[in-house]
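Coordinate-derived values only; no laboratory data. The structure displayed is predicted, hence computed values, not measured ones. With ideal geometry, Cβ positions are generated from the backbone for all residues, glycine too; neighbour counts draw on all protein chains shown.
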Amino acid sequence: MTLPDVASFWGGFTHPVLGVDHLTAMVAVGVVSARLGGWALLGIPSVFVVAMAVGGAFGLSGWVLPNAEVWIAASLVVLGAVVFVDPTRRAALPVFAVVISVAFVAVFGGAHGNAHGLEIPTTAQPLSFAVGFLLGTALLHLVGLAMGKLPGRWPWIAAPVRIAGAFSVALGVGMLMRL
């Protein structure tokens, strides 16, 4: 048995943190999960991470998700728009809206994972890199969960969270315009 390659793990861990598109989307998933509350607190990030692992495995095997960059940009627009909505307002979602949310998050997670899998450096140990990017993603989801919960306790934080949502939308639109 060999020890995991620390450099590969660290490369995977920092990949979602240092890529502004991935960072923004991962944090937004956490904020959206906090907004939905209940099962979504952990359910939505879990769906994203599992879909990301599957997409990453496909990417690692060389399969390219058609239009992955479009899906990644769309994730920034859709998630950013939800983050931009008034963060102090809570509303119960009908079942169909929850199912649609889970489906979108799964597609978005798969697209981000595919990009991560395709971007694994040839010198990296794939499993260590994958574990790193999955843990980095989960940590960013937790940051987003905190950001999504804070406006309920400290209303002055709502404006910066909304600005982050607007930034995500702008980033996604900018990416779509480049494609």
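What the table below lists for this structure:
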| quantity | calculated |
| --- | --- |
| Radius of gyration and Dmax over the Cα atoms of the stretch 1-86, both given in Å | 14.8, 51 |
| Value of [θ]222 nm, deg cm²/dmol, for the chain, DSSP H segments ≥ 4, -39500 (n - 2.57) each, nearest 500 | -27000 deg cm²/dmol |
| Sequence of L127, L65, L171 once ranked by neighbouring C-beta atoms within 10 Å, starting from the fewest | L127, L171, L65 |
| Charge dipole magnitude, Cβ of K and R +1, D and E -1 - the chain, Cα centre, debye nearest 20 | 620 debye |
| In nm, spacing of pseudo-spin labels at T14 and A146 (7 Å Cα→C-beta vector) | 2.1 nm |
| Tilt relative to the chain, helix 158-178 - C-alpha long axis, 0 to 90 degrees, to 10 | 50 degrees |
| For Cα Rg over 2.2 N^0.38 Å, calculated from these coordinates, the label among [x] 0.92; [y] 1.01; [z] 0.97 | [y] |
| Between helix 95-118 and the chain: long-axis angle, C-alpha atoms, 0 to 90°, nearest 10 | 30 degrees |
| Contour minus Cα-Cα distance for W63 and L176 (0.36 nm per residue) | 38.5 nm |
| Angle between the chain longest axis and helix 68-84 axis [Cα atoms, degrees, rounded to 10] | 30 degrees |
